[in-house]
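Chemist: Structure incoming, see below.
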Amino acid sequence: MGIPALTLRAPKPLLATLQGTRQPIPPVWLMRQAGRYLPEYRALRAEKGGFLALAMDSDAAAEVTLQPIRRFGMDGAILFSDILVVPMALGQQLWFETGEGPRLAPTVTARDVLDGFDADSSVLEPIYGTIRRVKAALDPQTTFLGFAGSPWTVATYMIAGQGSREQAEARRLAYRDEGLMQALVDRIADQTIAYLRNQAEAGVEAVQLFDSWSGSLSPAQFERWVIAPNARIAAAVRDLVPVIGFPKGAGGKLAAYARETGVDAIGLDETVDPAWANAVLPEGLPVQGNLDPLALITGGAALDGAIDRILAAFPERPHVFNLGHGILPDTPIAHVEQLLARVRGTAA
């Protein structure tokens, strides 16, 4: 039996959807909604001198978190931070190279490197300060989302020291030294549990687990390095807040992920057929997604059609409208406004 549509919109539509109550108008937020496509973000980032300085400044990061809420009235505010702050707390150095992305050192290539890290969770305190500032300023209708990277994805950066093609370094390490990989994944999971619980206690109302590189794994590896640690994190956090799992690239493994991790909602990337997902996912499980960010850049009739197809795929299931991945820097602001009008039924 499907879930009947409601006639009244909940006080916090996004939170209600994640808790399993379908809304008459799907709530909307966008991954990377606070980012380089916004002129106000670019100005503040330039003032602070770079991404990491911005993310670790509680006042500035709170301002960035709130920028898309003020401009668009999104149903969710997503904490402005980065998945790689957890390696910092574990003792790895993190910095960002201009035009090239994150760098981490020393890389985890042997057990003595991992054992030599001097963990210091206090480096995360500015992030909890950001959460408290946003919580105090956020309107009561907007759900506040925290997040963390899932252990496999975070491990790929800790092993390679940067983003890597097909995550080859991490996959090789998983074959060569399963014990080291397990120790690393466990350590990331432990820190992530503490981090997300602290986020919830500081004021976030739901959290998302980003497993951006889960699609690089075989079914057996996916079970061990994606499903198992995400299930452990979800079980340790969902007594405080709903947990959204986002295993990007999981494809046909999505149903197993949904069943076995115990997440409260599941994010779909743009490669997933939403009608297929609606058919195979557990009944009543809320879904999130999954507009192609390139459709958002394109705009016009193509954008409207893509939105309509996604909305039509979930006639009874609780649905949070989002992208299938992060918003791209060259996205026109007018197209975000078009998306919101189309989803909310206010398009001219």
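Chemist: From VAL272, VAL280, VAL287, grab the single residue that is among the β-branched types (Val, Ile, Thr) and loosely packed, with under 15 Cβ neighbours inside 10 Å.
Modeler: Going through VAL272, VAL280, VAL287 in turn, just one is among the β-branched types (Val, Ile, Thr) and loosely packed, with under 15 Cβ neighbours inside 10 Å: VAL280.
Chemist: Report, by residue number, each residue of the stretch 128-146 that is part of a helix (DSSP H, G or I) and in contact with a strand residue (DSSP E or B) (Cβ under 9 Å, 6 or more places away or on another chain).
Modeler: ILE131, VAL134, LYS135
Chemist: For the stretch 203-221, give me each residue that is surrounded by fewer than 20 Cβ atoms within 10 Å (Cβ to Cβ) and either in contact with a strand residue (DSSP E or B) (Cβ under 7 Å, 6 or more places away or on another chain) or farther than 30 Å from GLY252 by Cβ (or both).
Modeler: Within the stretch 203-221, GLY203 is the sole residue that qualifies.
Chemist: Mind checking whether some residue in the stretch 44-56 is in contact with a strand residue (DSSP E or B) (Cβ under 7 Å, 6 or more places away or on another chain), at pLDDT 95 or above, part of a loop (DSSP other than H, G, I, E, B) and hydrophobic (A, V, I, L, M, F, W, C)?
Modeler: The answer is no; no qualifying residue exists.
Let's see how each residue does on (1) of a type in the set (A, V, I, L, M); (2) under 22 Å from LEU145 (Cα atoms):
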{"site": "THR261", "(1), (2)": "no, yes"}
{"site": "ALA265", "(1), (2)": "yes, yes"}
{"site": "LEU268", "(1), (2)": "yes, yes"}
{"site": "PRO274", "(1), (2)": "no, no"}
{"site": "LEU285", "(1), (2)": "yes, yes"}
{"site": "GLN288", "(1), (2)": "no, yes"}
{"site": "ARG317", "(1), (2)": "no, yes"}
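Chemist: Where residues in the stretch 307-348 are over 25 Å from TRP213 (Cα atoms) and small (Gly, Ala, Ser), which of them is surrounded by the most Cβ atoms within 10 Å (Cβ to Cβ)?
Modeler: ALA313
Chemist: Identify all residues within the stretch 57-95 that are in a helix (DSSP H, G or I), under 20 Å from GLY149 (Cβ atoms), touching a residue at least 40 places away in the same chain (Cβ under 8 Å) and aliphatic (A, V, I, L, M); write none if there are none.
Modeler: Correct list: ALA61, VAL85, VAL86, ALA89, LEU90.
Chemist: I'm checking my understanding of the structure. Among residues of the stretch 72-90 that are farther than 26 Å from VAL185 by Cα and either within 17 Å of the chain's Cα centre (by Cα) or of a type in the set (A, V, I, L, M, F, W, C) (or both), which one is surrounded by the fewest Cβ atoms within 10 Å (Cβ to Cβ)?
Modeler: The selected residue is PHE72.
Chemist: Take the residues in the stretch 111-127 that are out of contact with any helix residue (DSSP H, G or I) (no Cβ under 7 Å at 6 or more places or on another chain) and in a loop (DSSP other than H, G, I, E, B), then tell me which one is nearest to ALA89 (Cα to Cα).
Modeler: Filtering first and then ranking leaves ASP118.
Chemist: On to the next question. Across the stretch 147-173, what is the total count of residues that are in a helix (DSSP H, G or I) and either under 14 Å from SER214 (Cα atoms) or charged (D, E, K, R) (or both)?
Modeler: The qualifying residues number 15.
Chemist: Pick from ILE25, ILE69: which is within 30 Å of GLN338 (Cα to Cα) and crowded, with 18+ Cβ neighbours inside 10 Å?
Modeler: ILE69
Chemist: Please work out if VAL320 is of a type in the set (A, V, I, L, M), at pLDDT 95 or above and not in a helix (DSSP H, G or I).
Modeler: yes
The values are calculated or read from the model by the stated rules, or taken from the named source; none is laboratory data. Quick caveat, the model's predicted, so the values are computed rather than measured. Here the Cβ is made from the backbone with ideal geometry for all residues, glycine too, and neighbour counts use every protein chain on show.
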